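Structure record follows, encoded as structure tokens.
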Amino acid sequence: PALYARLVFTATFFAGAFQAALGLLRLGFLVDFLSHAAIVGFLAGCATVVCLGQLRGFLGLPHFTHHTGLPAIVASIFSQTAQWHWQPFLLGCCLFLFLQITRYVGKRRPKLFWVSAAAPLVSVILSTVLVYIIHGEKHGIQSIGSIKKGINPPSIRSLLFSSPHTWLAAKTGIITGIISLAEGSAVARSFAMAKDYRVDGNKEMIAFGAMNMAGSCASCYLTAGPFSRSAVNRDAGCRTAASNAVMALAVLATLLVLTPLFHHTPQVALSAIIASAMLGVVDPRAAARLARVDKVDFCVCLGTFLGVVFASVDVGLVVAVAVLVLRILLSVARPRTTALGGRGCHKYAAARGTPGVLVLCVDSPIYFANASYLRERVARWIDDEEDRIRPAAGEEESLRCVVLDMGAVASIDSCGTKMEDLKKSLDKRRLQIALANPGSEITRKLDKSGVLQLVSDEWIFLTVAEACDYAQNNCNARSPDEMAEL
């Protein structure tokens, strides 16, 4: 046991050092991989799991699972039906109702914010007095019991840096550090989104790292920003980080002096406080809005929620990041191309196209991952347009020019600048290609790669309107025989 404890402290130190290093290397942008949709699902999933976990206190169960998944929680609850008690359930419901009423009063009347802020402490005091008077242990109401006085001793001399197990502690610390950092960052962004303030990922990483490095020297195991305690803190009306300093002093005073007073505090009182706070972080309207606006974001939200509820917080975060990364890859590899004007218009239904000119807008940077796909999409758009106008077979209706609107192309790589295949394909169809609104960086790369010379400066334009007007006046229409040949 002594060696195990020393390894725990050493793993905590390595986790903190790793977390701080990530912050110092300015890798806080990794936190941004948790989108709004993922945060909504994460909040709802964590709140559901935490609320279900409080059933132990409400039912007075002596044992409970250490797993956080819904199947494990349900199995633990229903495997102990013979030990359910109605007394703690009734007390918990009364405390829960009291907390909800005080919260409602605090929201409706801001001047009475202290009512909801003091409600958790009042509920603890009243329930403790009640359990002491009626001897709640005899009625199935479990109390916290004896709490050892004092604080943990220093453990800086217990850290193992030259042991055969040091590498094992380092690997464990790095892995658990990543997990705790992901969970803590998700919790931070969740409450930042609810309170409309900004979270600096680099500072979060440095703060977590410094906290765990200091904790490893004070007999603490790895930790991060806990979801339930953060919710209770927010529910009590705390607004700044100063509340954490006050809470730390209160905990210190409690450990040194007040621990005997909590001997008769019922566990169901703490369960009611946590369950009440959880209701304030669930946002069903946000999930409904995601389902209405963006189905993919709703899938991210739902996947995160189901991962947290049915597996664990770690699995939920992995699902969220995996789906988001997959979405980014798909958006890069399969960018959207849109026809501007005419019957194929997707952006502006009232727009009218220029006869004989097909305008295509590429809504993505052009990289090696999507260059071939874009060439295929352009060819497909041309086929569809010619199939549409072929029945007329008139000179005015024949397709003569393809204009590529490159205003949304923010960047292009060497693979994207290879337009020889597209140019040859259009030449075989006797179609002219024109480029409209290329950015300065795009123009520079196209010039260095020889694309501008291939297309000709004559067919490079600042706007789509200029390209359409020029193409209409300078492109010769194909004859019916040429159309039949094609």
### Task
With N denoting the number of residues in the chain, provide Rg(C-alpha) divided by 2.2 N^0.38 Å, to two decimal places.
1.39
### Task
Select from the chain the helices, each a whole stretch of DSSP H, whose alpha-carbon atoms run 27 Å or more along the helix axis and whose Kyte-Doolittle mean is at least 0.5; answer none if there are none.
2-24, 86-108, 113-134, 166-195, 313-333
### Task
Give the Cα extents of segment 415-459 along the principal axes, in whole Å, largest first.
30, 21, 14
### Task
Mind ranking 175-186, 299-310, 251-262, 131-142 by how tightly packed they are, going by the mean number of other C-beta atoms within 10 angstrom, highest first?
299-310, 175-186, 131-142, 251-262
#### Entry: Amide hydrogen neighbours beyond the local backbone of Ser143, cut-off 5 Å, H modeled
Gln267
### Message
Under 5 Å between amide hydrogens, which residues at least 5 positions from Ala218 or on another chain qualify, with H placed 1.01 Å from N in the peptide plane?
### Response
Ser155
### Message
Please give the Cα centre distance for segment 253-300 versus segment 438-476, rounded to the nearest Å.
### Response
58 Å
### Query
If the cut-off is a Cα-Cα distance under 21 Å, which lysines reach Lys107, setting aside same-chain residues fewer than 8 apart in sequence?
Lys195
### Task
Give me the distance between the Cα centres of segment 68-95 and segment 111-139, rounded to whole Å.
21 Å
### Query
Tell me, what is the per residue accessible area of the chain in Å², probe radius 1.4 Å?
55 Å²
### Message
At 1.4 Å probe size, with the rest of the protein present, what percent of the exposed accessible area of the chain is carbon and sulfur atoms?
### Response
64 percent
### Task
In Å³ and rounded to a whole number, note down the convex hull volume per residue for the Cα atoms of segment 241-318.
154 Å³
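The values are calculated or read from the model by the stated rules, or taken from the named source; none is laboratory data. Worth saying up front: this structure is predicted, and the values here are computed from it rather than measured. Note: ideal-geometry Cβ built from the backbone for every residue, glycine included; neighbour counts use all protein chains shown. Ligands, DNA and RNA are excluded from the accessible area calculation, which covers all protein heavy atoms including side chains. Shrake-Rupley method; radii C 1.70, N 1.55, O 1.52, S 1.80 Å.
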